[in-house]
Amino acid sequence: IELTDLRRLFETNLEFCNWGRIIHQNEYRRLHRSHKERLTLPARQRYEEFKKQFPYVCQRTNLGYIASYLGITLSTLSRLRSNENDKA
């Protein structure tokens with residue numbers, strides 16, 4: 001659906017407007033929580049949460065991108081992954 005059509009629907013239909021507002025609020029909360037976690041959690045917890053949320057990304061994405069997303073250095077990510085493999 002085109003954005004202009006969606007906006008028109010929100011302007012003319014209260015039910016769709018409420019639906020859109022609820023989806024927007026839920027997504028905002030999710031993004032805010034995710035951002036806050038990336039700023040406050042220790043590196044190990046950030047990596048663990050990332051693996052839970054995006055299980056296949058770890059296997060298919062450049063580790064530099066993952067480290068950047070998590071706000072850690074590539075060497076820290078490598079150390080976390082190495083410690084994980086040692087425990088397995």
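When residue 25 is tested against (1) assigned by TED's automatic domain parsing to the domain that holds residue 6; (2) not in a helix (DSSP H, G or I), exactly one condition is not met: (2). Scan segment 29-88 for residues that are basic (Lys, Arg) and more than 13 Å from the chain's Cα centre (by Cα) and the total you get is 5.
Name the residue that is nearest to residue 41 (Cα to Cα), counting only residues in segment 54-88 that are not hydrophobic (A, V, I, L, M, F, W, C) and not in a helix (DSSP H, G or I). Only one residue tops the list, namely 71. Of all the criteria given as (1) surrounded by 13 or more Cβ atoms within 10 Å (Cβ to Cβ); (2) modelled with pLDDT under 90; (3) in the same structural domain as residue 83 (by TED's automatic domain parsing), the one not satisfied by residue 68 is (2). Do we have residue 87 as without any contact (Cβ under 8 Å) to a residue 12 or more places away in the chain and surrounded by 11 or more Cβ atoms within 10 Å (Cβ to Cβ) here? No, not satisfied. The one condition from (1) at pLDDT below 90; (2) in a helix (DSSP H, G or I) that residue 51 does not meet is (1).
The values are calculated or read from the model by the stated rules, or taken from the named source; none is laboratory data. Computed from a prediction, not measured in an experiment: that's the story for all the values here. Positions of Cβ are generated from backbone atoms using ideal geometry, with glycine treated the same way; all protein chains shown enter the neighbour counts.
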